[in-house]
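Asker: Right, I'll just put the structure down here and ask away after.
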Amino acid sequence: LVAGCTAYYLPTFLGYLRKKSEKTKRRQELRFLKKIFVLAGSIKPVDFTTVIKTMIEKSYYYKQDLMNILEALRKSNLDREEFFLQLLEETKDIDSKLFFEKLNIAFFYDFDMAVSGISGDFQQEKRAHARLIKKKISLIHIIGITGLFIAMTILLIYMLKPWLESLDM
């Protein structure tokens, strides 16, 4: 019975773990690509296609999307704004959408503004991480104080038990 249940639920569980792992790796790669974009974009003179090529070399999960962007930028008969809008519609992850939107801004409007926007994203991410750590610390404090009061109550009852038993006589 246990072997049957294990055999039935194990593929689902492994699929869930694989999805979770891939999602984490995609998030890490996106963060790495943002760092590449900021570093390569900060060194002047810079060219958008050079930055995209650098990101393509270092990417695994986003390689196809970046190659499509580079190909769309090379073609003169393709409406580039329509391409970026379609890319944003097809992307499901909000962080990826924001990154592609920054690439859109870098190509069409102002490259330096896109670089500073991604740098701002890193600062915002640091603040969000600091808030998360503060929440975890406060939760640990609450659990600790609650546990201390429970332990003190148990000790108080244990110490008062002989006195309470002597009063009943």
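The values are calculated or read from the model by the stated rules, or taken from the named source; none is laboratory data. Not measured: the values here are computed from a predicted model. For neighbour counting, all protein chains shown are included, and Cβ atoms are generated from backbone atoms with ideal geometry for every residue, glycine included. Calculation scope for accessible area: heavy atoms of the full protein, side chains included, ligands and nucleic acids excluded. Shrake-Rupley method; radii C 1.70, N 1.55, O 1.52, S 1.80 Å.
Asker: Name the one entry in Ala40, Ala72 that is among the small types (Gly, Ala, Ser), touching a helix residue (DSSP H, G or I) at 6+ places or on another chain (Cβ under 8 Å) and over 28 Å from Glu125 (Cβ atoms).
Answerer: On the way: Ala40 fails: over 28 Å from Glu125 (Cβ atoms).
Of Ala40, Ala72, the one residue that is among the small types (Gly, Ala, Ser), touching a helix residue (DSSP H, G or I) at 6+ places or on another chain (Cβ under 8 Å) and over 28 Å from Glu125 (Cβ atoms) is Ala72.
Asker: Being within 18 Å of Lys97 (Cβ to Cβ) and aromatic (Phe, Trp, Tyr) is the filter; apply it to segment 10-54 and report the residue that is least open to solvent (accessible area, probe 1.4 Å).
Answerer: This residue is Phe37.
Asker: For Asn77, are the conditions met, namely being open to solvent by 90 Å² or more (accessible area, probe 1.4 Å) and without any contact (Cβ under 8 Å) to a residue 60 or more places away in the chain?
Answerer: Here the answer is yes, as Asn77 does meet what is asked.
Asker: Hey, which of the helices (runs of 4 or more DSSP H) in segment 5-103, taking only ones fully inside, have at least 1 residues that are among the aliphatic types (A, V, I, L, M) and in contact with a Leu (Cβ under 8 Å, 6 or more places away or on another chain)?
Answerer: On the way: elements: 48-58, 63-74, 80-90.
Where helices (runs of 4 or more DSSP H) fall fully within segment 5-103 and carry at least 1 residues being among the aliphatic types (A, V, I, L, M) and in contact with a Leu (Cβ under 8 Å, 6 or more places away or on another chain), they are 48-58, 63-74.
Asker: Also, I was wondering about something else. Across segment 55-67, what is the number of residues that are buried (at least 17 other Cβ atoms within 10 Å of the Cβ) and either of a type in the set (S, T, N, Q) or more than 17 Å from the chain's Cα centre (by Cα) (or both)?
Answerer: Here the count works out to 5.
Asker: If you check every pair at least six apart or on different chains, which have Cβ atoms under 6 Å apart with a residue in segment 109-127 that is in a helix (DSSP H, G or I) first and a residue that is of a type in the set (A, V, I, L, M, F, W, C) second?
Answerer: Short answer, once both residue conditions are applied: Ala114/Ile105; Ala114/Ala106; Val115/Val38; Ile118/Phe37; Ile118/Val38; Ser119/Val38.
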